[in-house]
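The values are calculated or read from the model by the stated rules, or taken from the named source; none is laboratory data. Because the structure is a prediction, the values reported are computed rather than measured. In case anyone asks, the SASA skips ligands and DNA or RNA and just uses the protein heavy atoms, side chains included. Shrake-Rupley method; radii C 1.70, N 1.55, O 1.52, S 1.80 Å.
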Amino acid sequence: MGAGASSMVGPEGYGRGWEQTSLGDMPESCVAAVLLYLDPLEICQVACLNRAFRGAASADCIWVAKLPANHRYLAALAAAADDDCGCDGAAEGDGRCCSSAAIKKEIYARLCRPTPFDGGTKEFWIEKDKGGFCMSISSRAMSITGRDDRRYWSHLSTEGSRFHSVAYLQQIWWLEVCGEIDFCFPAGSYSLFFRLHLGRPHKCTGRRGHGSESIHGWDIKPTRFQLSTSDDQHTESECYPSKPGRWILYHVGDFVVSSSDEVTELKFSMMQIDCTHTKGGLCVDSVFISPKDHRYEEECVPCQKIL
């Protein structure tokens, strides 16, 4: 059996036994049928095998299956953002990533890059490995009680935020941070998080440390989070912010989008309105929305759901 198998392998590792056929002799249509079962990163890897795999790996029928159902809507937003910044939206040539002539692989590659919108206060992108839709909403796009009063809030520059700026709470009695977004999310199940940091962060990434002297009031009463959608999904949860010196994703709740063609209205908030004590030393960076099965690079803390 071993001799028979080895006789099929030529000097480049391709089969050249029996009827002198090899992996490179497979029709692209057959290769494409196999690639449909692979993840995008795996498709790019097998494209290096030979010409048949390379051709099939660029076929529209492969990549349209990996793209979000409303990829034309997302690509149009990406093209508009590229126009605003003077960038070239397509991977090659002069084509636009939202053009009907653009190949789907180029559209996928463009959507993997963050697309800013609403004045740069929000960004969306898709995961390279799975094509799942993600969004980040800066604290600058949220309504924060007392944010314009320098006695309470200040804005810090830091490389630890994708928006390069965070809202830093020095001290306040009534904490309320609210936001909303109207968007055509691709159909699927999503999780929503607040990205928070106890203590004043360093401006540069990779450095641990924080100003612990200003952190107070977070262990007395829990901070409450809320999430609601336009189709009456509603979640309330609470937790005690902890672990100073780290960026933490606090899981507020989950929601489901049933149609990619309809606008979903999301409202979210975090509150600590017990006025018997002050609280301070908290950085509010953003709200992060991702598929429920997303692999997170940062530590996630589940909040206790309120029934």
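Is the shape of the stretch 118-291 rounded, prolate or oblate, going by the alpha carbon gyration tensor and its root eigenvalues a ≥ b ≥ c, with a/c under 1.5 for rounded and a/b larger than b/c for prolate?
prolate
Whole number in Å², please: accessible area per residue of the stretch 118-291, 1.4 Å probe, ligands, DNA and RNA not counted.
Here the residues of the stretch 118-291 average 43 Å² of exposed surface.
Using a 1.4 Å probe on the protein heavy atoms, what percent of the accessible area of the stretch 118-291 belongs to carbon and sulfur?
Reported share for carbon and sulfur atoms: 46 percent.
Determine the shape class of the stretch 189-298: with a ≥ b ≥ c the square roots of the Cα gyration tensor eigenvalues, call it rounded for a/c under 1.5, and otherwise prolate if a/b is greater than b/c, oblate otherwise.
Oblate, since a/c reaches 1.5 and b/c is not below a/b.
What is the stretch 215-274 by shape, rounded, prolate or oblate, if you read a ≥ b ≥ c off the alpha carbon gyration tensor as root eigenvalues and call it rounded for a/c under 1.5, prolate for a/b larger than b/c, and oblate otherwise?
prolate
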